[in-house]
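Everything below concerns the one structure shown next.
No value in this document is a laboratory result; all are computed from the given coordinates. Because the structure is predicted, anything quoted here is derived from the model rather than measured. As a convention, Cβ positions derive from the backbone with ideal geometry for all residues, glycine included, and neighbour counts pool all protein chains shown.
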Amino acid sequence: MDYQKIIDELHQKYKNEDNIGKVASYIPELKKINPNKLGICLLTLSCESYGAGDYQEKFSIQSISKVFALTYALIKVGDEIWKRIGVEPSGDPFNSLVQLEFEKGIPRNPFINSGALVVCDILISKLKNPKLELLNFVRKLANTKDIYFNEKVVASEKSHGFTNAAHVNLMKSFGNIKNDVDVVLDFYYHMCSIEMSCEELAKSFMIFANDGVLKYNNEKIISLGISKRINATMQLCGHYDEAGEFAFRVGLPGKSGVGGGIVAVHPDLYCIATWSPKLNNKGNSYLGFKVLESFTTITKASIF
Ligand code: DON
């Protein structure tokens, strides 16, 4: 299959398509991005790499970082974390508070904001320097030192993060946050502000396609069990109240972020990352969704 041709044609087609999405504006700093960016990067298990458009340009990975944090927490703490976070799809928006009170401060899953905040709390309790250690973990997965937080995005989120503050405070009242709420929020905002390109994201998610092993040096990072769980959680919860639609149309485990990125994994075959900043009404990239749906349709390579 000529993957480069497929990726180029998808880029060409969607670059010119009417994009009815909207750039995230509830974090003012994210609004500054050029809305017309479109990047696609595909890495196969046989180490072939294909890219089109803005695939080497860094952007705010936002909620995609929740996958890195969950992976790191499973490495450092193990299955204990599931006492404090569920694994069920929420069927609600990523920042919804509705279930959290009924369910006594236990978030439905690690990818909604409340779940990721508990993962942050767990990492803070476990690590000496959580921000640097998480960043270094991501750098190792992506095989580059050139990955940083964006402090302007951190400040922007902090000054508009009333709902996230409500989540942490509510969970603290139920005893499911152990550290100071401001420390948890600060770590969470840093994690969300990480900037990476489609190429770096595809590289760093390859462990989930490759049984937990880094492609570039064959180092085993996570067990098969952790890899299975992360893929399952991405499949069911990676796109919030659009996870069913993503499975239905794309058919791969994946994770989105409000910066417009989506990463999807086909275990044992490939990893693909897209970036287009305009989002649909569920907070997922409007064009990224379409590119991925077309890709798995043309290549007939979804997991279903
Ligand atoms: O906390 C927030 O709302 C953002 N930092 C992350 C949200 C996000 O990326 C949801 N994904 N689609």
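For the chain, the longest principal axis of the Cα atoms and the long axis of helix 224-237 meet at an angle of about 90 degrees. The Cβ shell under 10 Å around E133 holds other residues with a net charge of +4, Lys and Arg each +1, Asp and Glu each -1. Each Lys and Arg adds +1 at its Cβ and each Asp and Glu adds -1 at its Cβ; summed about the Cα centre, the chain shows a dipole of about 360 debye.
If one computes the Cα centroid of the range 1-75 and of the range 210-250, what distance in Å separates the two points? Their Cα centres are 17 Å away from one another.
Annotation for the range 261-304: trypsin sites (Lys or Arg not before Pro) lying in DSSP loop with at most 16 further Cβ atoms inside 10 Å of their Cβ are K300. Of the residues V168, Y3, I207, the one whose Cα sits farthest toward the positive end of the charge dipole of the chain, with +1 on the Cβ of Lys and Arg and -1 on the Cβ of Asp and Glu, is V168. With K and R counted +1 and D and E -1, the other residues having a Cβ less than 15 Å from that of D211 yield a net charge of +2. Straight-distance candidates among the lysines for linking to K104, with alpha-carbon spacing under 19 Å and chain neighbours fewer than 8 residues away dropped: K83, K172, K178. Here the range 153-240 is assigned +1 on the Cβ of each Lys and Arg and -1 on the Cβ of each Asp and Glu. Its dipole about the Cα centre then comes out at about 380 debye.
Its Cα centre serving as origin, the range 207-304 has a Cβ charge dipole (Lys and Arg +1, Asp and Glu -1) of approximately 60 debye.
Annotation note: GluC sites (Glu not before Pro) in the range 1-89 located in DSSP loop regions with a Cβ neighbour count of at most 13 within 10 Å are E17, E48. Extension gain, Y26 to F248: 0.36 nm times the residue separation minus the Cα-Cα distance gives 77.1 nm.
Can you tell me the 0 to 90 degree angle between the C-alpha axis of helix 162-173 and the longest principal axis of the chain, rounded to 10? For helix 162-173, the angle is close to 50 degrees. Extension gain, F162 to V183: 0.36 nm times the residue separation minus the Cα-Cα distance gives 6.1 nm. Quick one: if the Förster radius is 41 Å, what FRET efficiency do K131 and D268 give, using the C-beta to C-beta distance and rounding to 0.05? Efficiency, from the Cβ-Cβ distance: 0.80.
Applying 0.36 nm per residue to the separation of D79 and Q4 and subtracting their alpha-carbon distance, the gain on full extension is 23.0 nm. Put the Cα centre of the range 89-106 next to the Cα centre of the range 159-182 and the gap is 14 Å. When you filter the chymotrypsin sites (Phe, Trp or Tyr not before Pro) in the range 1-71 for DSSP loop state and at most 16 other Cβ atoms inside 10 Å of their Cβ, you are left with Y26.
How big is D for the chain, in µm² s⁻¹ as a whole number, if Stokes-Einstein is applied with the Kirkwood radius of its Cα pairs at 20 °C and 1.002 mPa s? It diffuses with D of about 113 µm²/s by this estimate. The residue among F246, C192, Q235 whose Cα reaches farthest toward the positive pole of the charge dipole of the range 191-248, with charges on the beta-carbon of Lys, Arg, Asp and Glu, is Q235. Taking Lys and Arg as +1 and Asp and Glu as -1, the other residues whose beta-carbon sits under 12 Å from that of A73 total +1.
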